[in-house]
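The values are calculated or read from the model by the stated rules, or taken from the named source; none is laboratory data. Computed from a predicted model, the values in this text were never measured in an experiment. Here the Cβ is made from the backbone with ideal geometry for all residues, glycine too, and neighbour counts use every protein chain on show.
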């Protein structure tokens, strides 16, 4: 492997970074995708379509693992999730997944900090694999495209790959913070009602 070739490092970093961050949320996966898209836009070192494909596949594999672990041990996962929940609330959640589970999976992936709770709840409530897999794939593709667009926007503003990458990372982090603040405000508003 030629370590001086940006593609030799960039493509595995996109896939691996997104996969790792999708399983253990310590890596800002949106920033990885945005930065790679910015590099693809400002240089010829990475292919933008390949960045989106690898980000989608890394996110998808991570989501399947995140869903699969508690799903395979669903009895224990259900006990853990339900330990402080009233029976009515669990039944409401089960009904929500039965009616519009694919929408919950897609929204969970697109809303910062929503993916893991949605996937864990889906697994614990016995959401079927045959419905989860296509919903998760569509969600991961939309997510990868959204964060690539942020990277493209920053790459289109600056010719310097370094500046574009930094701006893409900052944009992704700002979008994440803003989305979290809006979600917190909405939760507080609902609690008051």
Residue 61 passes all but one of the listed conditions (1) modelled with pLDDT of 90 or more; (2) over 27 Å from residue 178 (Cβ atoms); (3) crowded, with 19+ Cβ neighbours inside 10 Å; the exception is number (3)
Can you confirm whether residue 108 is within 11 Å of the chain's Cα centre (by Cα), modelled with pLDDT of 85 or more, in a helix (DSSP H, G or I) and closer than 16 Å to residue 125 by Cβ?
yes
Residue 34: passes all of (1) at pLDDT below 95; (2) within 23 Å of residue 139 (Cβ to Cβ); (3) surrounded by fewer than 18 Cβ atoms within 10 Å (Cβ to Cβ) but (3)
TODO: Determine whether segment 111-119 contains at least one residue that is within 17 Å of the chain's Cα centre (by Cα), surrounded by fewer than 14 Cβ atoms within 10 Å (Cβ to Cβ) and in contact (Cβ under 8 Å) with a residue 12 or more places away in the chain.
DONE: yes
A careful count of residues in segment 133-148 that are surrounded by 23 or more Cβ atoms within 10 Å (Cβ to Cβ) and either over 18 Å from residue 96 (Cβ atoms) or out of contact with any helix residue (DSSP H, G or I) (no Cβ under 6 Å at 6 or more places or on another chain) (or both) gives 5
Scanning segment 120-132 for residues that are assigned to a helix (DSSP H, G or I), buried (at least 20 other Cβ atoms within 10 Å of the Cβ) and modelled with pLDDT under 90, the one farthest from the chain's Cα centre (by Cα) turns out to be 124
Going through (1) at pLDDT below 80; (2) surrounded by 12 or more Cβ atoms within 10 Å (Cβ to Cβ); (3) closer than 29 Å to residue 98 by Cα one by one, residue 156 fails only at (3)
